[in-house]
Amino acid sequence: MRKLSRGELIELGKKLFAGKGSCIACHEIHAVHIGPSLVRIAGVYREKKGDIVKFLRGTEKALVVPAQYGIMKTNFVITQKMSKRELQALEAFIMSCDK
């Protein structure tokens, strides 16, 4: 499997966000929906040097809105089945949203 460029990772992450990951059901790029915006998530993870991949695997605590962890935890059924590349792509897409 070839290594994806940063742009390809972001594009894959965008597709996963809207499709397989079902992330779009709770998150928007600039607005709070059920969960925080991607801009806020990216900013907090950048500031606190968090690891979104570990969070989506359920091995790192929530950094953005810890009180909503229970809601997000239900989606771990989906994200824990994703490959490392898919999770890295989601992370790349999310982190691209605050630029």
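Take Ile10 and decide whether it is touching a Cys at 6+ places or on another chain (Cβ under 8 Å), in contact (Cβ under 8 Å) with a residue 60 or more places away in the chain and not aromatic (Phe, Trp, Tyr). No. Checking Lys49, Lys61 one by one, the residue that is on the phi > 0 side of the Ramachandran plot and loosely packed, with under 12 Cβ neighbours inside 10 Å is Lys49 and no other. Ile29 passes every criterion in (1) over 18 Å from Leu87 (Cα atoms); (2) in contact with a Ser or Thr (Cβ under 7 Å, 6 or more places away or on another chain) apart from (1).
Values in this text are rule-based calculations from the coordinates and carry no lab data. Everything numeric in this text was worked out from a predicted model, so none of it was measured. Here the Cβ is made from the backbone with ideal geometry for all residues, glycine too, and neighbour counts use every protein chain on show.
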